[in-house]
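Structure first, then comments.
Read-outs throughout are calculated quantities, based only on the coordinates presented, and are distinct from any laboratory measurement. A quick note: this is a predicted structure, and the numbers were derived from the prediction, not measured. Cβ coordinates were reconstructed from backbone atoms using ideal geometry, including for glycine residues, and neighbour counts include every protein chain displayed.
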Amino acid sequence: MDSQTSKIELVKMILNIENDKFIEKIKDFIQKETVDFWEELSLPEQKEIEKGIKELNKGNRIEFKDFLKKIS
């Protein structure tokens, strides 16, 4: 079954559900699954990750054990 067919089948099943609490659980689950983790990060966290990516792209890397020393 392809993705589009699965979506249609899922919508059909949801339309037949009469339990409001269960529908709310489905809605909550879908919303949580579609949230981009990046949006959940603080601005300083985002900046730090961007900084790290730039450093990696420049070829600046450190050994994992050295990283662990740095953060502990």
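Odds and ends about this structure:
- Cα-projected label distance for Glu24 with Thr5, points at 7 Å along beta-carbon direction, nm: 3.6
- Aspartates and glutamates whose Cα lies under 20 Å from that of Lys32, excluding same-chain neighbours fewer than 8 positions away: Asp20, Glu24, Glu40
- Each distinct pair of alpha carbons in the chain adds a 1/r term; the inverse of their mean, the Kirkwood radius, is 16.7 Å.
- Mean ellipticity per residue at 222 nm, deg cm²/dmol - from DSSP H runs of n ≥ 4 across the chain, formula -39500 (n - 2.57): -23000 deg cm²/dmol
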